[in-house]
Amino acid sequence: MAKAKPEVEALAEAQPVSGLVPVAQGFPGNASDQFITFRDTLYSSRTVILPDGRSLPVAKSIVAVEVSDDIALKCLKAHPEYEQLKE
C-alpha cells in the first residue's frame, strides 16, 4: 500500500496547463470612467431595488453604477434622494 503524500508535496508537483492566460487583478484602466457615483442623501446604508428586480447596495451613503446600466441610471437620476457626484 502506497503512503499518501502530504498536500504540500502534491502542490509542488503540479504541472502548468498550456493555453491558460493569467487574469489581471483589479480594475482595467481608470475605474472611475466606467462607473457613475451617487450620494444617498437620506441613508448611509440600504439596498435599492430597481424596477427590473436587481438590487444596488448603498454603503457609506455611496452607490456606484456602471455607465452602461441605463435602468439603474434612470432610476437614481429620477429619485430626489440621490445626487450624482461630480468626479
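Read-outs throughout are calculated quantities, based only on the coordinates presented, and are distinct from any laboratory measurement. This structure is a prediction, so every number in the text was calculated from the model and none was measured. Using ideal geometry, Cβ is built from the backbone for each residue, glycine included, and neighbour counts are taken over all protein chains shown.
A few notes on this one:
- The label point for Val67 and the one for Arg54, both projected 7 Å from the Cα toward the Cβ, are 1.7 nm apart.
- If you take all other residues with their beta carbon under 12 Å from the beta carbon of Thr47, and give Lys and Arg +1 and Asp and Glu -1, the sum is +1.
- Simple spin-label estimate for His79 and Arg39 gives 1.7 nm between the two label positions (7 Å along the Cα-to-Cβ direction from each Cα).
- Prolate/oblate/rounded call for the stretch 29-87, Cα gyration tensor, a/c under 1.5 rounded: oblate
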